[in-house]
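In what follows, a structure is listed as C-alpha cells, so that the remarks can point back to it.
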Amino acid sequence: MNRVLTRRATGLAALSIVAVVAVAACSPPEKSSSSSPSGGGNSAASATSVASMGGMDKLVAAAKKEGTLNVIALPPDWANYGAIISAFEAKYGLKVASAQPDASSADEIAAAKRLQGQGSAPDVFDLGSAVALANTSMYAPYMVSTWDDIGADFKDPKGLWVNDYGGYMSVGYNSAKVPAVTSVDDLLKPAYKGKVALNGDPTKAGAAFAGVQMVSVSQGGTVADVSKGVDFFSKLKQAGNFIPVDPTPATIESGQTPVVIDWDYLNASESAKVSTWKVFVPNDAVVAGYYFQAISKDAPHPAAARLWQEFLFSDEGQNLWLKGGARPVRFDAMKKAGTLNEAGAKALPTVNGTPIVPTQKQSAQATTYLTKNWANAVG
C-alpha cells in the first residue's frame, strides 16, 4: 500500500505525532431522502456525530438501508485491514466493496474526483499526511463517539480528519538470505546486491517517503533535507543493490525481495509467515508517522461511512489494528481504561532511540526535493 505520510511531535506514549492544518467550518444538518447516490441529499451526509443522527441505532439502520460501504487502497494484509473489513461486515451485515487495494493515497483522491456522483465512488479515505492535508475540502466533518479519547493534536478540531494508526519506519530482512542488518549503511555492502526494495515511489507513497526520510537521517541529513537520503539510494542503485520492485507479502515470501524498507507493522506481520524474517528499526533514525481517516463529502453511502468510522475508533476496531502490529491512536486511553489488548501491545516491535516526527513544513520541504530529484537520481 503506497501512501505519503509525515507528522509532527507530541507526547503520546504509544507514538508521538501531531499535525497543523487549516480547517473548514461544519455545515448544519439537512433533512432529505436517504437515496442520493452522491450523498448530498442524505441527512446522514450532514451528520457530524452519532447524536446528530439520532443515536447509534438510527445510524446503524440508515447504514443497513444503504447496504454497502466503498473503501479504497486497503490491502487485507496492511495493518490487519482484512480482518477489520470482515469484522465490520459480520457485525453490521453490510457489504464492503474494496477497490484498488494496492493504490496510493494520491490514487484515492483521484478516484474520488473521477467517480464523483457515482455509486462506486469511495465513501472513506485512509491517507498519508501530505495528501490528506492537501485535500481537506473533500472531507465531511464527523466526530466519532470516542472523540474525547483522541488527543487534540491527532484530529482536526471540526472533525474533518482524525489520525487512526501509526508506526515506525524499519528495515525488514530475511536472515536466511542476507546477513543481519545492524545499520542502514550495511545495505551498501556486496552481500545485499540485488536484494533491497523500497515500498513504492516516495513522490507518491507514504511508506517510501518515510523510508527516504529515515535513510536521510541515518546519513546525517534530516527529515526536511532528504538530499542525503536520495544520494544514498542513488549509491544503492549504482552498486546494484537497489531493486525497483514494489514489495508485497508475495515477493517477500517468494524471496524476490529479501530486504524491504517499510513500516514496522508491515514488516512485523511478515515474521509470522516467514520464520527467518527480522525487523530492524535503526536507533539513530527512528522516523514515526500516523495515517489519516476521513469521510468523503460526496460519499454515496454517507451513513455507512460514518458507521465505519465509529467501528474503526471503537475498542474493537482499535484492537484489530493493534493485532496487525500498528499502534492505534487511542492506545493510551484504552490502556488506562483496561480495554487495550495487552498481548497485542507486548507483541509490538521493539523500538529504541528518540522518535523523529516530521512537521508539516518539513514534509513540504522533503516533498519538493523528492519531486525535483528522485526520478533523475534513482527512478
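Readers should treat all values here as calculations from the given coordinates under stated rules, not as data from a laboratory. Computed from a prediction, not measured in an experiment: that's the story for all the values here. No Cβ is skipped: glycine too gets one built from the backbone with ideal geometry, and neighbour counts run over all protein chains shown.
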Determine the gain in length on full extension of the stretch Ser175-Met56; use 0.36 nm per residue of separation and subtract their C-alpha separation, reporting nm with one decimal. 37.9 nm
Aspartates and glutamates with Cα under 16 Å of Lys273, excluding same-chain neighbours fewer than 8 positions away: Asp77, Glu253, Asp264
Given Cβ point charges of +1 (Lys, Arg) and -1 (Asp, Glu) and nothing else, what value in debye, to the nearest 20, does the dipole of the chain about its Cα centre take? 300
Rounded to the nearest 10, the angle in degrees between the Cα long axis of helix 227-238 and the longest principal axis of the Cα atoms of the chain comes to 60
Computed Rg/Rh of segment 91-151, alpha carbon atoms with Kirkwood Rh: 0.99
Sequence-separation-based contact order of segment 257-341, relative, with Cα cut under 8 Å and 6+ spacing, percent: 25
Longest to shortest principal axis, alpha-carbon extents of segment 103-240, angstrom: 52, 34, 32
Can you work out the base-10 log of I(q)/I(0) for the chain at q = 0.07, 0.13, 0.14 1/Å, using the Debye formula on its C-alpha atoms alone? -0.29, -0.99, -1.14
Rounded tilt (10° steps) of 360-377 against the dominant C-alpha axis of the chain: 50
Per principal axis, largest first, the Cα atoms of segment 183-291 extend in Å by 36, 33, 26
Relative to a virtual label point 7 Å from the Cα of Lys372 in the Cα→beta-carbon direction, which members of segment 227-257 show backbone nitrogen distances below 14 Å? 227-228
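From the cross-link list Lys323/Lys346; Lys64/Lys155; Lys65/Lys91, which pairs have alpha carbons spaced over 18 Å apart?
From Lys323/Lys346; Lys64/Lys155; Lys65/Lys91, over 18 Å: Lys64/Lys155.
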Of Ser170, Ser175, how do they rank once you tally other Cβ atoms within 10 Å and put the fewest first? Ser175, Ser170
Students often forget the sequence filter, so: which lysines lie under 20 Å Cα-Cα from Lys237 once same-chain residues fewer than 8 apart are removed? Lys177, Lys189, Lys193, Lys195, Lys204, Lys228, Lys372
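Do you know the relative contact order of the chain, to the nearest whole percent, from alpha carbon pairs under 8 angstrom that are 6+ apart? Display every interim value, and only then the final one.
On the way: 845 pairs, mean separation 106.4, N = 379.
With pairs under 8 Å counted, the relative contact order is 28 percent.
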Give the cross-link partners of Lys158 among the lysines, using a straight C-alpha distance below 17 Å as the criterion and excluding same-chain residues fewer than 8 apart. Lys297
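In debye, nearest 20: dipole of segment 258-347 around its Cα centre with unit charges on the Cβ of K, R (+) and D, E (-)? Walk me through the numbers before you get to the answer.
Working: 10 positive and 10 negative charges, 28 e Å.
With only Lys, Arg, Asp and Glu charged at Cβ, the dipole is about 140 debye.
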Listing Leu340, Leu127 from the residue with the fewest other Cβ atoms within 10 Å to the one with the most, what is the order? Leu340, Leu127
Could you put Trp263, Trp321 in order, starting from the residue whose Cβ has the fewest other Cβ atoms within 10 Å? Trp321, Trp263
Helix axis angle, 56-66 relative to the chain longest principal axis, alpha carbon, degrees: 80
Between segment 202-230 and segment 90-147, the Cα center-to-center distance that results, in Å: 27
Dipole of the chain [Lys/Arg +1, Asp/Glu -1 at C-beta], most positive-end residue of Trp374, Tyr139, Val286: Trp374
